[in-house]
Amino acid sequence: MLLITSQNGKVGIEAAMQVLKGGGSAMDAVEAGIRLVEANPDDHSVGYGGYPNLLGEVELDAAIMDGSDLTSGAVGALKGYPYPISVARKVLEKLPHVFLVGEGAARFAAEMGFERRDLLTEPARETWEKRLREDLPPDVLAHLAEQPDLWRYVEIATDPERAKGTTNFIAQDARGNLAVGVSTSGWAWKYPGRIGDSPIVGAGLYADNRYGAAACTGTGEMAIRAATAHSVVFYMKMGLSITEAGQRAMADLNDLGGRYLSGMNFIAVDRAGNHVGFSSRTDATYLYFTDAMDAPAEAPRLCVPLRECWEKNLSAD
Ligand code: GLY
């Protein structure tokens with residue numbers, strides 16, 4: 001039995017292992033672990049306490065995928081519900097659909113009996129307000145929601161330093177089944193309704209028992225364009241080793257044209273349970289935990305550099 005997570009999975013990885021040791025499925029373990037990250041108010045990239053969009057509203061994205069049959073559930077831009085990973089799993093279990101967004105996702109969460117909660121914590125609100133005060137004129141800030149050209153301000157306010165975050169969990173249970181889950185509040189100060197890679201099967205996550213699983217954090221716009229999580233698994237399907245598959249999927253991102261904020265991390269497992277973390281940064285780590293270990297361990301990610309493509313304020317006119 002195996003769990004691997006992004007670094008911020010620390011608050012949930014031990015509970016997830018208890019689920020596996022208790023005979024729970026990989027899907028149960030992924031959901032249980034991610035719920036604890038979503039509940040952590042100190043993690044400003046996931047769930048309750050996550051940084052809001054440009055208008056100060058917390059919008060959450062999450063998805064879960066079962067590698068035994070490729071069933072998947074996802075929610076995007078979900079407001080007011082602190083456990084989007086559980087709502088995503090209900091989408092998988094109860095609907096003939098894969099992905100709900102916005103008002104429909106919130107309506108479904110209510111129908112499933114999930115409790116509403118104000119997700120914007122005071123520290124997150126203060127950071128949002130301070131950031132916007134630095135760059136937006138006071139008259140614009142006072143009437144931000146009514147601005148007819150909100151798009152002009154998103155790139156001024158959007159902070160590349162706060163595009164990071166998101167949590168990834170991959171589990172392999174006693175039956176050898178793989179599951180993967182991802183949850184995020186997305187890019188801080190994003191345009192309302194922006195959805196990143198996290199709830200998009202193939203972009204932010206992918207699992208197939210026959211080959212392996214992968215999950216991303218980093219700039220969602222890149223992973224969407226290159227279908228990064230699917231690429232990792234697909235390259236393993238094509239016979240590459242897990243290390244080669246990850247390097248190849250990361251290298252694909254350097255082929256993207258246009259202007260975008262560069263930065264990608266992903267974790268991957270192959271069907272034999274070998275695991276590797278990858279990052280475009282030099283100092284990134286991930287966590288792993290097998291049933292033979294007393295506690296989770298931290299491992300360095302393999303650095304695969306990406307070219308820088310970000311310049312600010314180019315859309316102002
Ligand atoms: N990778 C998370 C996001 O871009 O929203």
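Here are the numbers:
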quantity	calculated
Close pairs (7 angstrom Cβ cut-off, 6 or more residues apart or separate chains): of a type in the set (Lys, Arg) in the stretch 260-287, at pLDDT 95 or above anywhere	Arg271/Asn209; Arg271/Arg210; Arg271/Tyr211; Arg271/Gly212; Arg281/Cys303
Criterion: away from the ligand (no atom under 11 Å from the Cβ), surrounded by fewer than 19 Cβ atoms within 10 Å (Cβ to Cβ) and either in contact (Cβ under 8 Å) with a residue 24 or more places away in the chain or in a loop (DSSP other than H, G, I, E, B) (or both) - qualifying residue of Ala179, Ala174, Ala207, Ala214	Ala174
Which listed residue is within 23 Å of Gly165 (Cα to Cα), more than 13 Å from the chain's Cα centre (by Cα) and of a type in the set (Gly, Ala, Ser), from Ala109, Ala105	Ala105
Selection status of Leu3, more than 24 Å from Ala105 (Cβ to Cβ) and crowded, with 24+ Cβ neighbours inside 10 Å	yes
Failed condition for Ala88, given (1) buried (at least 24 other Cβ atoms within 10 Å of the Cβ); (2) outside any helix (DSSP H, G or I)	(2)
Qualifying residue in the stretch 38-55 (condition: crowded, with 24+ Cβ neighbours inside 10 Å, of a type in the set (Val, Ile, Thr) and away from the ligand (no atom under 13 Å from the Cβ))	no
Members of the stretch 28-42 that are under 16 Å from the mean Cα position of the chain (by Cα), part of a helix (DSSP H, G or I) and either in contact (Cβ under 8 Å) with a residue 40 or more places away in the chain or on the phi > 0 side of the Ramachandran plot (or both)	Val30, Glu31, Gly33, Ile34, Arg35, Val37, Glu38
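Residue by residue, here is whether (1) among the acidic types (Asp, Glu); (2) touching a residue at least 12 places away in the same chain (Cβ under 8 Å); (3) more than 19 Å from Cys216 (Cβ to Cβ) holds:
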site: Lys10; (1), (2), (3): no, yes, no
site: Glu14; (1), (2), (3): yes, yes, yes
site: Val19; (1), (2), (3): no, yes, yes
site: Ala26; (1), (2), (3): no, yes, no
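The values are calculated or read from the model by the stated rules, or taken from the named source; none is laboratory data. Values in this document were obtained by computation on a predicted structure and should not be read as measured data. When we count neighbours, we look across all protein chains shown, and the Cβ atoms used for this are built from the backbone with ideal geometry, even at glycine.
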